[in-house]
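To start, I am sharing the structure in question, which I have written as C-alpha coordinates.
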Ligand code: SF4
(Lines give C-alpha, C1' and ligand atoms only; values in the text may rest on other atoms or scores of the structure.)
Protein backbone atom coordinates (compact mmCIF):
# COMPACT_ATOMS: atom_id res chain seq x y z
CA UNK A 1 0.00 0.00 0.00
CA UNK A 2 1.30 3.46 -0.86
CA UNK A 3 2.54 5.55 2.06
CA UNK A 4 1.72 9.27 2.41
CA UNK A 5 4.69 10.98 4.06
CA UNK A 6 4.27 14.44 5.60
CA UNK A 7 6.54 17.06 7.18
CA UNK A 8 6.99 17.51 10.93
CA UNK A 9 8.53 20.94 11.51
CA UNK A 10 7.37 20.89 15.16
CA UNK A 11 5.75 18.46 17.55
CA UNK A 12 2.45 20.21 16.88
CA UNK A 13 2.89 19.55 13.16
CA UNK A 14 3.84 15.92 13.80
CA UNK A 15 0.54 15.36 15.63
CA UNK A 16 -1.49 17.36 13.12
CA UNK A 17 -0.27 15.63 9.95
CA UNK A 18 -0.55 12.15 11.44
CA UNK A 19 -4.12 12.96 12.57
CA UNK A 20 -4.91 14.30 9.09
CA UNK A 21 -4.20 11.08 7.25
CA UNK A 22 -0.43 10.87 6.80
CA UNK A 23 0.96 7.34 7.19
CA UNK A 24 4.35 8.65 8.19
CA UNK A 25 6.18 11.84 9.12
CA UNK A 26 9.73 13.13 8.80
CA UNK A 27 11.45 15.44 11.28
CA UNK A 28 14.86 17.11 11.08
CA UNK A 29 17.59 16.41 13.63
CA UNK A 30 18.80 19.77 14.97
CA UNK A 31 21.74 20.96 12.91
CA UNK A 32 21.73 18.12 10.39
CA UNK A 33 18.78 18.49 8.04
CA UNK A 34 18.33 20.79 5.06
CA UNK A 35 15.88 23.17 6.71
CA UNK A 36 17.11 25.81 9.13
CA UNK A 37 14.86 26.75 12.03
CA UNK A 38 12.36 23.90 11.65
CA UNK A 39 14.31 21.05 13.18
CA UNK A 40 13.70 19.25 16.47
CA UNK A 41 15.97 19.10 19.47
CA UNK A 42 17.11 15.66 20.57
CA UNK A 43 14.48 15.29 23.31
CA UNK A 44 11.78 16.47 20.87
CA UNK A 45 12.84 13.82 18.35
CA UNK A 46 12.28 11.25 21.10
CA UNK A 47 8.83 12.67 21.76
CA UNK A 48 8.01 12.70 18.02
CA UNK A 49 8.99 9.01 17.79
CA UNK A 50 6.70 8.27 20.75
CA UNK A 51 3.79 10.15 19.15
CA UNK A 52 4.19 8.27 15.86
CA UNK A 53 4.49 4.95 17.73
CA UNK A 54 1.35 5.60 19.79
CA UNK A 55 -0.57 6.39 16.60
CA UNK A 56 0.77 3.29 14.83
CA UNK A 57 2.52 5.41 12.19
CA UNK A 58 6.06 5.56 10.85
CA UNK A 59 8.71 8.25 11.43
CA UNK A 60 11.92 9.12 9.62
CA UNK A 61 14.67 11.42 10.88
CA UNK A 62 16.22 13.77 8.31
CA UNK A 63 20.01 14.09 8.57
CA UNK A 64 20.44 15.07 4.95
CA UNK A 65 22.77 18.04 5.12
CA UNK A 66 26.30 17.20 4.00
CA UNK A 67 27.89 15.49 6.99
CA UNK A 68 31.58 15.96 7.64
CA UNK A 69 33.38 12.60 7.55
CA UNK A 70 34.94 13.27 11.01
CA UNK A 71 31.52 13.72 12.56
CA UNK A 72 30.13 10.37 11.44
CA UNK A 73 31.28 8.20 14.42
CA UNK A 74 29.87 10.76 16.88
CA UNK A 75 26.54 10.92 15.04
CA UNK A 76 26.27 7.16 14.88
CA UNK A 77 26.90 6.92 18.61
CA UNK A 78 24.97 9.94 19.90
CA UNK A 79 22.16 10.31 17.41
CA UNK A 80 21.40 7.26 15.23
CA UNK A 81 21.89 4.79 18.12
CA UNK A 82 19.27 6.71 20.14
CA UNK A 83 16.86 6.92 17.21
CA UNK A 84 17.16 3.16 16.67
CA UNK A 85 16.66 2.48 20.39
CA UNK A 86 13.63 4.81 20.52
CA UNK A 87 11.99 3.07 17.53
CA UNK A 88 12.51 5.38 14.54
CA UNK A 89 11.83 3.67 11.22
CA UNK A 90 14.46 5.29 9.08
CA UNK A 91 17.06 8.00 8.52
CA UNK A 92 17.05 10.34 5.51
CA UNK A 93 20.62 10.87 4.34
CA UNK A 94 22.61 12.50 1.56
CA UNK A 95 26.23 11.75 2.52
CA UNK A 96 27.21 8.32 1.10
CA UNK A 97 29.76 7.45 3.84
CA UNK A 98 27.16 8.22 6.52
CA UNK A 99 24.63 6.03 4.71
CA UNK A 100 27.12 3.20 4.69
CA UNK A 101 27.81 3.46 8.42
CA UNK A 102 24.11 3.57 9.32
CA UNK A 103 23.40 0.55 7.17
CA UNK A 104 26.34 -1.37 8.65
CA UNK A 105 25.57 -0.57 12.31
CA UNK A 106 21.75 -0.56 12.20
CA UNK A 107 20.55 -3.02 9.56
CA UNK A 108 17.02 -2.80 10.99
CA UNK A 109 16.78 0.92 10.12
CA UNK A 110 15.62 2.07 6.68
CA UNK A 111 18.15 4.27 4.90
CA UNK A 112 16.49 6.76 2.62
CA UNK A 113 18.67 8.34 -0.08
CA UNK A 114 17.41 11.93 0.22
CA UNK A 115 15.97 14.04 -2.60
CA UNK A 116 19.25 15.97 -2.15
CA UNK A 117 21.07 13.01 -3.74
CA UNK A 118 19.48 14.10 -7.05
CA UNK A 119 18.86 10.53 -8.24
CA UNK A 120 17.87 10.55 -11.90
CA UNK A 121 19.56 7.49 -13.46
CA UNK A 122 20.13 3.76 -13.05
CA UNK A 123 23.79 4.45 -12.26
CA UNK A 124 22.87 6.65 -9.31
CA UNK A 125 20.38 4.06 -8.05
CA UNK A 126 23.19 1.45 -8.20
CA UNK A 127 25.58 3.77 -6.40
CA UNK A 128 23.27 4.59 -3.50
CA UNK A 129 22.08 1.00 -3.26
CA UNK A 130 25.72 -0.03 -2.83
CA UNK A 131 26.04 2.60 -0.09
CA UNK A 132 23.23 0.90 1.83
CA UNK A 133 20.16 2.89 0.78
CA UNK A 134 16.91 0.96 1.10
CA UNK A 135 14.72 3.71 -0.38
CA UNK A 136 15.44 5.86 -3.41
CA UNK A 137 13.93 9.36 -3.60
CA UNK A 138 13.82 10.62 -7.18
CA UNK A 139 15.22 14.01 -8.16
CA UNK A 140 12.78 16.92 -8.43
CA UNK A 141 14.14 17.34 -11.98
CA UNK A 142 12.05 14.30 -12.97
CA UNK A 143 8.77 15.92 -11.90
CA UNK A 144 7.65 16.33 -15.51
CA UNK A 145 9.10 13.04 -16.72
CA UNK A 146 6.70 10.53 -15.27
CA UNK A 147 7.69 7.85 -17.78
CA UNK A 148 11.26 8.04 -16.59
CA UNK A 149 10.14 7.85 -12.97
CA UNK A 150 8.18 4.70 -13.86
CA UNK A 151 11.16 3.16 -15.61
CA UNK A 152 13.59 3.97 -12.75
CA UNK A 153 11.10 2.86 -10.14
CA UNK A 154 10.84 -0.56 -11.82
CA UNK A 155 14.61 -0.74 -11.90
CA UNK A 156 14.86 0.09 -8.17
CA UNK A 157 12.08 -2.38 -7.27
CA UNK A 158 13.96 -5.13 -9.09
CA UNK A 159 16.92 -4.41 -6.81
CA UNK A 160 14.64 -4.78 -3.79
CA UNK A 161 14.53 -1.03 -3.07
CA UNK A 162 11.55 1.14 -2.24
CA UNK A 163 10.88 4.35 -4.21
CA UNK A 164 9.68 7.79 -3.20
CA UNK A 165 8.44 10.82 -5.16
CA UNK A 166 7.84 14.36 -3.89
CA UNK A 167 4.25 15.33 -4.72
CA UNK A 168 4.57 18.90 -3.46
CA UNK A 169 7.72 20.82 -2.83
CA UNK A 170 10.30 23.20 -4.16
CA UNK A 171 12.27 22.26 -7.23
CA UNK A 172 15.58 24.05 -6.98
CA UNK A 173 17.57 25.07 -10.06
CA UNK A 174 18.82 21.80 -11.61
CA UNK A 175 17.11 19.84 -8.83
CA UNK A 176 17.20 19.92 -5.03
CA UNK A 177 20.74 19.21 -3.89
CA UNK A 178 22.16 19.90 -7.32
CA UNK A 179 22.18 23.72 -7.38
CA UNK A 180 25.38 25.61 -6.87
CA UNK A 181 24.07 29.13 -7.41
CA UNK A 182 23.94 29.87 -3.67
CA UNK A 183 27.75 29.62 -3.48
CA UNK A 184 28.18 33.04 -5.19
CA UNK A 185 26.77 34.54 -2.02
CA UNK A 186 29.35 32.99 0.30
CA UNK A 187 30.36 36.43 1.62
CA UNK A 188 26.98 36.50 3.38
CA UNK A 189 27.24 33.01 4.87
CA UNK A 190 26.97 32.97 8.62
CA UNK A 191 28.12 30.27 11.03
CA UNK A 192 25.47 29.43 13.58
CA UNK A 193 26.21 27.43 16.70
CA UNK A 194 23.32 25.46 18.17
CA UNK A 195 23.23 23.66 21.50
CA UNK A 196 21.01 20.61 21.56
CA UNK A 197 18.98 19.42 24.56
CA UNK A 198 21.65 16.83 25.47
CA UNK A 199 24.39 19.48 25.36
CA UNK A 200 25.77 18.49 21.98
CA UNK A 201 27.02 21.54 20.09
CA UNK A 202 26.32 21.60 16.37
CA UNK A 203 27.22 24.11 13.69
CA UNK A 204 25.32 25.23 10.62
CA UNK A 205 26.18 27.64 7.86
CA UNK A 206 23.30 29.99 7.14
CA UNK A 207 23.11 30.66 3.40
CA UNK A 208 24.43 27.23 2.44
CA UNK A 209 21.58 24.72 2.10
CA UNK A 210 24.04 21.84 1.71
CA UNK A 211 25.38 22.66 5.18
CA UNK A 212 21.83 22.66 6.50
CA UNK A 213 21.62 26.40 6.86
CA UNK A 214 18.87 27.34 4.41
CA UNK A 215 19.48 29.49 1.37
CA UNK A 216 19.10 33.21 0.65
CA UNK A 217 17.14 32.04 -2.44
CA UNK A 218 18.75 34.50 -4.87
CA UNK A 219 17.24 32.48 -7.72
CA UNK A 220 13.89 34.06 -6.82
CA UNK A 221 15.14 37.64 -7.23
CA UNK A 222 17.60 37.15 -10.03
CA UNK A 223 17.12 40.67 -11.48
CA UNK A 224 18.13 42.23 -8.17
CA UNK A 225 21.24 44.50 -8.14
CA UNK A 226 22.86 42.38 -5.41
CA UNK A 227 22.69 39.33 -7.67
CA UNK A 228 24.16 41.23 -10.64
CA UNK A 229 26.96 42.42 -8.38
CA UNK A 230 28.02 38.98 -7.10
CA UNK A 231 27.34 36.56 -9.93
CA UNK A 232 29.51 36.33 -13.07
CA UNK A 233 27.72 37.65 -16.16
CA UNK A 234 27.80 34.39 -18.14
CA UNK A 235 26.32 32.41 -15.23
CA UNK A 236 23.57 34.96 -14.80
CA UNK A 237 22.79 34.98 -18.53
CA UNK A 238 22.48 31.20 -18.53
CA UNK A 239 20.13 31.32 -15.56
CA UNK A 240 18.01 34.09 -17.04
CA UNK A 241 17.43 31.85 -20.06
CA UNK A 242 15.81 29.26 -17.84
CA UNK A 243 12.04 29.64 -17.88
CA UNK A 244 11.51 28.25 -14.39
CA UNK A 245 14.35 28.56 -11.93
CA UNK A 246 12.88 27.33 -8.71
CA UNK A 247 9.18 26.59 -8.73
CA UNK A 248 6.91 25.26 -6.08
CA UNK A 249 5.27 22.30 -7.77
CA UNK A 250 2.61 19.76 -7.04
CA UNK A 251 1.79 16.42 -8.61
CA UNK A 252 -1.89 16.07 -7.75
CA UNK A 253 -3.33 15.19 -11.17
CA UNK A 254 -0.46 12.74 -11.52
CA UNK A 255 -1.46 10.70 -8.44
CA UNK A 256 -3.34 7.99 -10.42
CA UNK A 257 -0.26 7.45 -12.61
CA UNK A 258 2.11 7.36 -9.64
CA UNK A 259 -0.16 4.81 -7.94
CA UNK A 260 -0.24 2.67 -11.08
CA UNK A 261 3.55 2.75 -11.14
CA UNK A 262 3.67 1.32 -7.63
CA UNK A 263 5.66 4.20 -6.11
CA UNK A 264 5.96 3.25 -2.43
CA UNK A 265 6.07 6.68 -0.77
CA UNK A 266 4.47 9.98 -1.81
CA UNK A 267 6.01 12.87 0.08
CA UNK A 268 4.69 16.31 0.95
CA UNK A 269 7.35 18.93 1.77
CA UNK A 270 6.83 22.00 3.96
CA UNK A 271 8.19 21.92 7.49
CA UNK A 272 8.46 25.72 7.41
CA UNK A 273 4.78 26.50 6.75
CA UNK A 274 1.87 26.96 9.17
CA UNK A 275 0.60 23.74 10.74
CA UNK A 276 -3.03 24.26 9.70
CA UNK A 277 -2.17 24.73 6.00
CA UNK A 278 0.10 21.69 5.92
CA UNK A 279 -2.50 19.59 7.75
CA UNK A 280 -5.13 20.66 5.18
CA UNK A 281 -2.81 19.72 2.31
CA UNK A 282 -2.19 16.32 3.90
CA UNK A 283 -5.94 15.76 4.31
CA UNK A 284 -6.65 16.77 0.71
CA UNK A 285 -3.97 14.39 -0.63
CA UNK A 286 -5.23 11.62 1.68
CA UNK A 287 -8.74 11.97 0.21
CA UNK A 288 -7.35 12.17 -3.31
CA UNK A 289 -5.24 9.03 -2.87
CA UNK A 290 -8.09 7.10 -1.20
CA UNK A 291 -10.48 8.10 -3.97
CA UNK A 292 -8.00 6.98 -6.61
CA UNK A 293 -7.36 3.70 -4.82
CA UNK A 294 -11.08 2.98 -4.78
CA UNK A 295 -11.26 4.07 -8.46
CA UNK A 296 -13.49 7.06 -7.65
CA UNK A 297 -11.64 9.44 -9.93
CA UNK A 298 -14.73 11.61 -10.51
CA UNK A 299 -13.58 13.66 -7.50
CA UNK A 300 -10.09 14.18 -8.88
CA UNK A 301 -10.59 17.71 -10.26
CA UNK A 302 -12.40 18.84 -7.11
CA UNK A 303 -9.50 17.69 -4.93
CA UNK A 304 -6.90 19.13 -7.29
CA UNK A 305 -8.67 22.49 -7.14
CA UNK A 306 -8.59 22.43 -3.33
CA UNK A 307 -4.89 21.55 -3.26
CA UNK A 308 -4.14 24.32 -5.79
CA UNK A 309 -5.85 26.85 -3.50
CA UNK A 310 -3.79 25.67 -0.53
CA UNK A 311 -0.63 25.84 -2.61
CA UNK A 312 -1.41 29.47 -3.47
CA UNK A 313 -1.38 30.22 0.27
CA UNK A 314 1.97 28.45 0.58
CA UNK A 315 3.33 30.42 -2.36
CA UNK A 316 2.33 33.75 -0.79
CA UNK A 317 4.13 32.87 2.42
CA UNK A 318 7.13 31.60 0.55
CA UNK A 319 7.52 34.92 -1.27
CA UNK A 320 7.14 36.96 1.94
CA UNK A 321 9.87 34.86 3.54
CA UNK A 322 12.03 35.22 0.43
CA UNK A 323 11.68 39.01 0.74
CA UNK A 324 13.00 38.78 4.30
CA UNK A 325 15.90 36.65 3.13
CA UNK A 326 16.78 39.21 0.45
CA UNK A 327 16.86 41.95 3.09
CA UNK A 328 19.03 39.80 5.32
CA UNK A 329 21.42 39.21 2.42
CA UNK A 330 21.85 42.97 1.90
CA UNK A 331 22.31 43.45 5.63
CA UNK A 332 25.01 40.77 5.82
CA UNK A 333 26.84 42.39 2.93
CA UNK A 334 26.57 45.84 4.56
CA UNK A 335 24.52 47.21 1.65
CA UNK A 336 21.40 49.34 1.54
CA UNK A 337 18.29 47.49 0.36
CA UNK A 338 16.90 48.98 -2.89
CA UNK A 339 13.13 48.95 -3.36
CA UNK A 340 11.96 46.60 -6.11
CA UNK A 341 8.53 46.51 -7.77
CA UNK A 342 8.42 42.74 -7.50
CA UNK A 343 10.65 39.72 -7.52
S1 LIG B 1 16.83 28.23 -3.36
FE2 LIG B 1 17.64 28.84 -5.36
S3 LIG B 1 19.78 29.38 -5.05
FE4 LIG B 1 19.08 28.25 -3.25
S5 LIG B 1 19.67 26.15 -3.67
FE6 LIG B 1 17.55 26.37 -4.39
S7 LIG B 1 17.70 26.97 -6.54
FE8 LIG B 1 19.73 27.23 -5.61
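The values are calculated or read from the model by the stated rules, or taken from the named source; none is laboratory data. Note that the structure is a prediction, hence the values are computed from the model and not measured. Reconstructed Cβ throughout: ideal geometry from the backbone, glycine too, with neighbour counts over all protein chains shown.
Being touching a helix residue (DSSP H, G or I) at 6+ places or on another chain (Cβ under 7 Å) and outside any helix (DSSP H, G or I) is true for just one of 194, 166. Which residue is that?
Going through 194, 166 in turn, just one is touching a helix residue (DSSP H, G or I) at 6+ places or on another chain (Cβ under 7 Å) and outside any helix (DSSP H, G or I): 166.
If residue 183 meets every condition in (1) closer than 30 Å to residue 312 by Cβ; (2) within 11 Å of the ligand (Cβ to nearest atom) apart from one, which number is that one?
Checking residue 183 against (1) closer than 30 Å to residue 312 by Cβ; (2) within 11 Å of the ligand (Cβ to nearest atom), the one that fails is (1).
Kindly indicate whether residue 175 is within 12 Å of the ligand (Cβ to nearest atom), assigned to a loop (DSSP other than H, G, I, E, B), under 30 Å from residue 103 (Cα atoms) and in contact with a strand residue (DSSP E or B) (Cβ under 6 Å, 6 or more places away or on another chain).
no
Ok, one more. Here are 119, 125: which of them is over 23 Å from residue 211 (Cβ atoms) and buried (at least 17 other Cβ atoms within 10 Å of the Cβ)?
Matching residue, one of 119, 125: 125.
May I ask you to verify whether residue 195 is buried (at least 21 other Cβ atoms within 10 Å of the Cβ), more than 14 Å from the ligand (Cβ to nearest atom) and at pLDDT 95 or above?
For residue 195, the condition - buried (at least 21 other Cβ atoms within 10 Å of the Cβ), more than 14 Å from the ligand (Cβ to nearest atom) and at pLDDT 95 or above - is not met.
Out of 136, 149, I need the residue that is in a helix (DSSP H, G or I) and surrounded by 18 or more Cβ atoms within 10 Å (Cβ to Cβ). Which one?
Sole residue among the options that is in a helix (DSSP H, G or I) and surrounded by 18 or more Cβ atoms within 10 Å (Cβ to Cβ): 149.
How do the pairs read when you match residues in segment 239-255 that are farther than 30 Å from residue 299 by Cα and within 15 Å of the ligand (Cβ to nearest atom) with residues anywhere that are in a loop (DSSP other than H, G, I, E, B) and modelled with pLDDT under 85, using Cβ under 9 Å and keeping only pairs 6 or more apart or on different chains?
Pairs found: 239/245.
Here's a follow-up. Considering only residues that are surrounded by fewer than 16 Cβ atoms within 10 Å (Cβ to Cβ), modelled with pLDDT of 95 or more and on the phi < 0 side of the Ramachandran plot, which ones fall in segment 152-182?
154, 158, 159 - these are the residues of segment 152-182 that are surrounded by fewer than 16 Cβ atoms within 10 Å (Cβ to Cβ), modelled with pLDDT of 95 or more and on the phi < 0 side of the Ramachandran plot.
Hey, another quick one. Spot the failing condition for residue 267; the list is (1) in contact (Cβ under 8 Å) with a residue 40 or more places away in the chain; (2) touching a helix residue (DSSP H, G or I) at 6+ places or on another chain (Cβ under 7 Å), and only one is missed.
Result: residue 267 passes all but (2).
Here are the criteria: (1) more than 16 Å from the ligand (Cβ to nearest atom); (2) touching a strand residue (DSSP E or B) at 6+ places or on another chain (Cβ under 7 Å); (3) within 24 Å of residue 29 (Cα to Cα). Tell me which single one residue 166 does not satisfy.
So residue 166 meets the others, but not (1).
Which residues, counting only those in segment 203-235, are farther than 14 Å from residue 188 by Cβ, within 12 Å of the ligand (Cβ to nearest atom) and part of a helix (DSSP H, G or I)?
210, 219, 220, 235
What number goes with the only condition from (1) within 16 Å of the ligand (Cβ to nearest atom); (2) free of Cβ contacts under 8 Å to residues at least 60 places away in the same chain; (3) more than 22 Å from the chain's Cα centre (by Cα); (4) not in a loop (DSSP other than H, G, I, E, B) that residue 260 does not pass?
Looking at each condition in turn, residue 260 falls short on (1).
If you don't mind, there's one more thing I want to ask. Within segment 279-334, how many residues are exposed (fewer than 15 other Cβ atoms within 10 Å of the Cβ) and over 30 Å from residue 185 (Cβ atoms)?
Going through segment 279-334 one residue at a time, the tally reaches 13.
Return the pair list, or none, for Cβ contacts closer than 8 Å from residues in segment 177-190 that are touching a residue at least 60 places away in the same chain (Cβ under 8 Å) and closer than 10 Å to residue 333 by Cα to residues that are near the ligand (Cβ under 8 Å from one of its atoms) and assigned to a helix (DSSP H, G or I), at least 6 apart or on different chains.
Qualifying pairs under 8 Å: 185/218.
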